[in-house]
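Working notes, structure below.
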Amino acid sequence: MRFQLSPEQRQFAATLHELLGGADTAAAARAWAAGEHDRGLKLWRALADVGVFALLVDEDHGGLGAGPVDLVVACEALGYHAVPGPLVESAAVAPALLTGHRLTSLAEGDLVATVVAPPEVPLALDADVAGMVLDLTGASLTAGAEPVRSIDPPRRLFRVPAAAGRSDGVAFDRGVLAVAAQLLGAGQWLLDTSVAYAKQRKQYGRAIGEYQAIKHLLADVVTRLELARPLLYGAAVAGETFARDVSAAKVMAGDAALLAARTALQVHGAIGYTAEHDLGLRLTKVRALAGAWGTGSFHRARVLR
Amino acid sequence: MDLDIDEASAAFRDEARDWLASHVRSLPSMDTADGFEAHRAWEAELAEARWSVVSWPAEYHGRDASMLQWLLFEEEYYASGAPGRVSQNGIFMLGPTLFAHGTQEQRDRILPAMATGEQVWAQAWSEPEAGSDIAALRSTAVRTDGGWLLSGQKTWSSRASFADRAFGLFRTDREAERHHGLTYFMADLRAEGVTVRPIPQLDGEAGFAEIFFDEVFVPDEDVIGEVGQGWRVAMTTANNERGLSLRSPGRFLAAADRLVDLWRDHGASPSTRDRVADAWIGARAYQLYTFGTVSRLAEGGELGPESSVNKLFWSHLDVELHETALDVLGPAAETDRAWVDGYLFSLAGPIYGGTDQIQRNTIAERLLKLPREARR
């Protein structure tokens, strides 16, 4: 047993943070929300170049033949930086549904895919920019043209008339795992940003982070995030208990991220409630992702099944 | 990254499972006179088969087991329904301290008797005025020929009602500021000048006691570490208590599995479903988190302020898990001795070994590097 990331996996995470940290992902997300995809697709290309969409694709189709652990590493970073787009769908789910040259295009980042899996995933994310809308049988569907507004504006959702299938199977579970990892990443950003703010913002002559009222809120967030992370990686290396463990990971990552979001807003005060502040991009993102690919209730039921 | 158990560890686990299956029996509460002796005998039986301190060297009744193997043993131990460990203060708190700071003579003299239950140890940290503020300790040790004279009062000392010996900090320098001038002593609870007054706990049993020391002689060989360095020595023990050793995931996994079974047996009420799932998820998270810690330590990492994350998490998990069980049981909960005992025990978790508030301060100041609050 060695329940730690390998040096290569740490390096992969560092590479992604470096790439995304300098890319103004917030501006890309805001443009994406307005239906302007250029900046986001440029990010997509950069992510493809470091292999994000090739992770779960086998080497015969130009993929890296990596595993769920690497997927979690990648999705944590994508969630941290609030990168827009059908990332989970293309990087985690579609590799299990596509075959042949389409799989190769996916791995190379040339094909943007999105997925519906009713009833848990009833709407297609970013169907206007995706080259394919898939259901969990791998069938290609057509989506409606008008976006349905999400609580999280960069998530552009579209109705899919004939969507069928069931929320189950390896493709679905990988989607759940990837969403959980995004939630954890977003939660970590919320914590880091709140801690930095608490050190710098002064009231009554002291940094607010000196007060126990603030310290204790943040300590609870750390605790939830730190304990959710091993569930994600544990699920990624689980064999026959994969479905149960990804559900457990989704529940706890979702709760931890929601706690991080509410705490972050409380620590920031009114400045965090403004549209200009990047906090908002995560506040709405974690709320949307907490219910995406299965609600907490759905996954708790699966844990006990 | 993997969770694969190597062959040797799997064999170790299977051996433990088999032994426990044929030896585990239920015992009366360790906080009664009869129960204490029954538990002492159980410790001897464990030691005889070398299951009492698996991670210790063979010369002290151990098996030189790795931390992973220790965790696997603990999972098997609690899954088998085996009783709580009357020796836990000694083997999980004083033992590691002696391995880190004790002399060879102290290890040879103390550890074997601790491993077999022949000597059961009580912890004597708390004082009426101190609580979590160990630096406010007022009990004193005064130099005398060949040793020290201990005076003062310790309280809420777990196991002290029936234990043989105790360990704790005493002030050896009245002039020194706060953490300085404290020294770590071991003392005989049967010595002249010691008075032990049992304090019944919430369950009515004498799990706690007050210990009064009136010029109790302790020889020099019962000082652990350097005189005046007791605070630093005690921190090893505190990290052990908060961190890995006292509350291994095995306890919570076993309890969570029992909770899931209980919930199914009671017709799987939908109103408690999410809480039952959360208890199981929490226990699983804690198990995996601990595997991560063990992997990190195996690669040379240290157990630092992360142990406060550990403590804060499991203390809440334990309370919530037991609250849920009582709610699943409904009116029957009031008289279900096993779950009630577990519940009452869980309520102490957020208090002992550093309260939740102390843990949160540690996490905020030492992990997040938030500024220290101005202190008088």
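Any residue that is open to solvent by 30 Å² or more (accessible area, probe 1.4 Å), charged (D, E, K, R), more than 14 Å from chain A (Cβ to nearest Cβ) and part of a helix (DSSP H, G or I) - is there at least one of those in segment B:355-374? No, because not a single residue in segment B:355-374 is open to solvent by 30 Å² or more (accessible area, probe 1.4 Å), charged (D, E, K, R), more than 14 Å from chain A (Cβ to nearest Cβ) and part of a helix (DSSP H, G or I). Restricting attention to segment A:97-111, does a residue exist that is within 24 Å of B:Leu288 (Cβ to Cβ) and open to solvent by 20 Å² or more (accessible area, probe 1.4 Å)? Looking for residues that are within 24 Å of B:Leu288 (Cβ to Cβ) and open to solvent by 20 Å² or more (accessible area, probe 1.4 Å), one finds none in segment A:97-111, hence no. Kindly indicate whether any position in segment A:131-142 is open to solvent by 30 Å² or more (accessible area, probe 1.4 Å), assigned to a helix (DSSP H, G or I) and touching a Gly at 6+ places or on another chain (Cβ under 9 Å). Scanning segment A:131-142 turns up no residue that is open to solvent by 30 Å² or more (accessible area, probe 1.4 Å), assigned to a helix (DSSP H, G or I) and touching a Gly at 6+ places or on another chain (Cβ under 9 Å). Looking at B:Ala141, B:Ala163, which one is part of a loop (DSSP other than H, G, I, E, B), buried (at least 17 other Cβ atoms within 10 Å of the Cβ) and in contact (Cβ under 8 Å) with a residue 40 or more places away in the chain? Result of the check over B:Ala141, B:Ala163: B:Ala163.
Of the candidates A:Ala92, A:Ala13, the single residue that is in contact with a Lys or Arg (Cβ under 9 Å, 6 or more places away or on another chain) and in a helix (DSSP H, G or I) is A:Ala92.
Screening B:Asp274 with (1) touching a residue at least 40 places away in the same chain (Cβ under 8 Å); (2) of a type outside the set (S, T, N, Q); (3) open to solvent by 10 Å² or more (accessible area, probe 1.4 Å) gives one miss only, at (1).
One residue stands out in segment A:266-304 among those that are of a type in the set (Val, Ile, Thr) and within 22 Å of the chain's Cα centre (by Cα): the one that is farthest from the other protein chains (Cβ to nearest Cβ), namely A:Thr284. Under the condition of being surrounded by fewer than 17 Cβ atoms within 10 Å (Cβ to Cβ) and within 11 Å of another protein chain (Cβ to nearest Cβ), the residues counted in segment A:174-210 number 8. Exactly one residue out of B:Ala115, B:Ala100, B:Ala38, B:Ala44 is closer than 23 Å to B:Arg251 by Cα, open to solvent by 40 Å² or more (accessible area, probe 1.4 Å), part of a helix (DSSP H, G or I) and not β-branched (Val, Ile, Thr), and it is B:Ala44. If you check A:Leu47, A:Leu43 for being part of a helix (DSSP H, G or I) and free of Cβ contacts under 8 Å to residues at least 60 places away in the same chain, only one passes: A:Leu43. With respect to being at pLDDT below 95 and hydrophobic (A, V, I, L, M, F, W, C), A:Leu64 falls outside the description.
Remark: A:Asp110 matches the filter, which requires a residue to be within 21 Å of A:Leu71 (Cα to Cα) and not in a helix (DSSP H, G or I).
The values are calculated or read from the model by the stated rules, or taken from the named source; none is laboratory data. Since the model is a prediction, treat every value here as computed from it, not as a measurement. All Cβ positions, even for glycine, are placed from backbone atoms using ideal geometry, and neighbour counts span all protein chains on display. Heads up: the accessible areas ignore ligands, DNA and RNA and are worked out on the full protein's heavy atoms, side chains in. Shrake-Rupley method; radii C 1.70, N 1.55, O 1.52, S 1.80 Å.
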